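Let me begin by presenting the structure, written as structure tokens, before commenting on it.
The values are calculated or read from the model by the stated rules, or taken from the named source; none is laboratory data. The model shown is predicted, which means the values in this text are computed figures rather than measured ones. Cβ placement follows ideal geometry from the backbone for every residue including glycine, while neighbour counts extend to all protein chains displayed.
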Amino acid sequence: MNKTIKIIFALIFIIVAGLGIFFYYQKSNNGQSDTKETVPEESIVGTYIGHLANDVYILTISSEQSESVSGTLDIKNFEKDSSTGNLKGTYKNGIILADYTFQSEGMESTSWVAFKKTTDGFIRGFGDVGPETKAESIDINKLTFDSSVVYKFSNTIVNKVVFSCKEGKNIKADFYKDRVYVSLSDGRNMSLPQVLSGSGARYVNFNESIVFWNKGDTAFVDEKGTITYKDCVVKNI
């Protein structure tokens with residue numbers, strides 16, 4: 001009888017010990033899985049650039065803390081009013097919704113802007129939301145996101161230069177790896193991709209009606225065969 005009782009107690013001990021070991025490893029494995037699932041989302045800090053013919057749109061996210069973001073937005077239209085200003089808002093569920101305080105034609109204004117993250121970059125949102133100008137009042141469900149212009153992540157600027165030209169003109173040029181963003185003193189802005197050139201660097205617009213040439217510290221602009229910005233040299237700032 002005593003021998004039987006001892007066997008029963010031994011079996012109970014083995015079962016309890018086995019269950020303890022099972023639950024211990026189960027808890028450990030669960031802990032490892034939870035750690036993997038909490039990997040933070042990739043940061044959106046950086047510069048994103050969109051193009052439409054000669055128009056250039058530059059979205060820069062300079063700060064991202066939790067759901068708060070801030071940065072700048074430059075809308076450089078070729079032959080229409082341009083604007084440049086600061087963004088401050090939120091980034092939730094892949095959407096930036098921010099207040100945009102900007103300068104245009106010498107006046108300061110505030111409006112809202114929205115951008116949606118895609119695999120290629122960001123696309124901008126538009127919609128009839130009435131007279132609302134503050135981002136916090138905007139219903140995202142009423143917005144339509146335009147995929148015709150994609151703000152794509154851009155490499156760091158290689159160089160920023162100001163050229164001083166004849167007749168009191170000047171050219172501001174931001175050089176990237178394969179293009180230049182030009183701001184002319186007559187108010188026009190354009191994005192020009194680099195093309196093959198036998199000498200110096202040659203950048204042209206979509207229909208080759210405007211050509212920006214750069215060689216060393218010199219540059220000029222050719223518009224349909226006429227040099228409109230001539231004898232330009234790097235200006236010491």
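What the table below lists for this structure:
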{"item": "Pick from the stretch 186-222, criterion within 19 Å of Lys152 (Cβ to Cβ) and among the aliphatic types (A, V, I, L, M), ranking: surrounded by the fewest Cβ atoms within 10 Å (Cβ to Cβ)", "result": "Leu192"}
{"item": "Verdict on Asp128 being in the same structural domain as Ser68 (by TED's automatic domain parsing) and in a strand (DSSP E or B)", "result": "no"}
{"item": "Residue count for the stretch 172-197, restricted to those that are over 25 Å from the mean Cα position of the chain (by Cα) and closer than 14 Å to Ala219 by Cβ", "result": "2"}
{"item": "Strands (runs of 3 or more DSSP E) contained in the stretch 132-197 and holding at least 1 residues farther than 21 Å from Phe122 by Cα and without any contact (Cβ under 8 Å) to a residue 24 or more places away in the chain", "result": "159-164, 170-175, 189-195"}
{"item": "Qualifying residues in the stretch 152-185 (those that are hydroxyl-bearing (Ser, Thr, Tyr) and modelled with pLDDT of 85 or more) - the one surrounded by the most Cβ atoms within 10 Å (Cβ to Cβ)", "result": "Ser183"}
{"item": "Selection count, the stretch 78-102, where residues are over 16 Å from Thr133 (Cβ atoms) and part of a strand (DSSP E or B)", "result": "6"}
{"item": "Considering residues of the stretch 202-215 that are farther than 19 Å from Lys169 by Cβ and in a loop (DSSP other than H, G, I, E, B) only, the residue nearest to the chain's Cα centre (by Cα)", "result": "Phe206"}
